[in-house]
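Everything on this sheet refers to the single structure shown next.
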Amino acid sequence: MTAHVLVNPAARGGRNQALRPALDGHLAAVGIEAEVWETAAPGDAERMARCLGEEGVLVIVAGGDGTVHEVVNGLVGTGGTLAVLPVGTGNDYAHALGMADDLAEAARQVATAGVRAADVGRVRWTDADGVFHERLFANGLGLGFDARVAALASETKWLGGQAAYLAAVFRTLWAWRRPTLRARVRSVVPAGGADEMPALDVDESLFLCEIGNGHSAGGGFLLTPDATPFDGLLDVCYVRHVATARALRLLPTTFSGAHVTAPEVTMARVSGLTLAVEPSVGVHADGEILTAGAVALDVEVLPGAIAVVAPARTA
Ligand SMILES: Nc1ncnc2c1ncn2[C@@H]1O[C@H](COP(=O)(O)OP(=O)(O)OP(=O)(O)O)[C@@H](O)[C@H]1O
């Protein structure tokens, strides 16, 4: 099997600079003949993925969710296939695909697992200057508290894994001084059916809103515990404004997904939704901060928009 590997040496707080010998060894051991490319700056992975995708090749991401985000934006619409080796900090999308944390095992999965059509999220918005934007997301989109955590996590990635995000959660809680963020969130195309969760129509102050294609964010917080990139839908977790003390009590319940029954939390499963928020509300896509100043966002799922290598045990 031949593949192109995009390595982000800056992922995991720069620790991926020393990744190459182990990576080369694990790929060779499972019979993957790899051409390895290293990114030199943010944005490179997207450009490289677009070029490689036009050749219809397998593109293996060796990085975290931010690198996956770039690659998905480059790859969708080309004939390329995506695989992910979880060598970032959070690795939530790799986990959503069912990839193992162990690099040798993940390389084996890439060599042996089948290719499936995975959903991709798309967000469109017009900023305060009237400029239109569009980004795709692989794992999730988050607003409010969530976006602040994603922004601060870049300063604590040296801690590694979920600890990096946990530190950012506490830093964000400590400084959280916005009592209310106005938000109206409506599902535009309810999934419908008696067994589905209800359509979403919330017009209340916002603490956070996570729109999950994958089941976790921030290295394992199960904000949308039942989400999967293979169901043609997006899961939504909307948390109304809560005081800091209550947020602290809710936090541990997100490790197991038990928060979904809390009175401040509304869950929904949708194929699209619109969000109207104050311009000051931060937004992240796969942990990457989007342009500030969005007042209206249209979010939609693109079912089966990307071919991914994924072990069969995912739903
Ligand atoms: N060569 C580079 N130098 C500096 N930054 C880079 C380079 N290549 C990519 N980047 C940027 O590095 C950032 C972090 O990458 P990534 O998200 O993959 O790793 P991570 O933050 O450790 O993992 P996770 O998002 O899973 O927590 C991304 O914003 C990406 O655009």
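Just so you know, all these numbers are worked out from the coordinates, no wet-lab data involved. Only a predicted model underlies this, so the values are computations on that prediction, with no experimental measurement involved. Note: ideal-geometry Cβ built from the backbone for every residue, glycine included; neighbour counts use all protein chains shown.
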*Springs between alpha-carbon atoms under 10 Å, Gaussian network over the chain: tell me which of GLY31, GLY90, GLY142 tops the mean-square fluctuations.*
GLY31
*Mind running the shape call on the range 121-304? Use the C-alpha gyration tensor, a ≥ b ≥ c as the square roots of the eigenvalues: rounded below 1.5 for a/c, prolate if a/b tops b/c, oblate otherwise.*
rounded
*Which percent, to the nearest 5, of DSSP beta bridges fully inside the range 2-113 are antiparallel?*
0 percent
*asked:* Can you order the peptides 97-105, 1-9, 202-210 by their average number of other Cβ atoms within 10 Å per residue, highest first?
replied: 202-210, 1-9, 97-105
*For the chain, find the longest principal axis of its Cα atoms and tell me its angle to the long axis of helix 20-29, 0 to 90°, nearest 10.*
70 degrees
_√(5λ) per eigenvalue of the Cα gyration tensor, the chain, largest first, Å_ = 31, 21, 18
*Rounded if a/c under 1.5, otherwise prolate or oblate - the range 2-113, Cα gyration tensor axes*: rounded
*Once you have the Cα-Cα distance between ARG124 and ARG171, take 0.36 nm times their residue separation minus that, and quote the gain in nm to one decimal.*
14.0 nm
*Which order do peptides 58-69, 223-234 fall in by mean Cβ count within 10 Å, highest first?*
58-69, 223-234
_Cβ charges +1 (Lys, Arg) and -1 (Asp, Glu), total dipole of the range 121-304, debye_ = 640 debye
_Span from the the range 266-315 Cα centroid across to the the range 137-174 one, whole angstrom_ = 17 Å
*asked:* What does DSSP give for the chain in terms of the percent of beta bridges that are antiparallel, rounded to the nearest 5?
replied: 75 percent
_Vicinal HN-Hα couplings computed from phi for the range 293-305 (Karplus, 6.51 cos²θ - 1.76 cosθ + 1.60; Hz; Gly/Pro x)_ = x, 6, 10, 9, 10, 10, 10, 8, 8, 10, x, x, 6
_With n ≥ 4 as the cut-off for DSSP H runs, can you work out [θ] at 222 nm for the chain, using -39500 (n - 2.57) per run divided by the number of residues, rounded to the nearest 500?_
-7000 deg cm²/dmol
*Cβ-derived FRET efficiency at R0 35 Å, ALA276 paired with ASP226, nearest 0.05*: 0.85
*Size of charge dipole - the range 236-315 - debye, nearest 20, with Cβ of Lys, Arg +1 and Asp, Glu -1, no other charges*: 420 debye
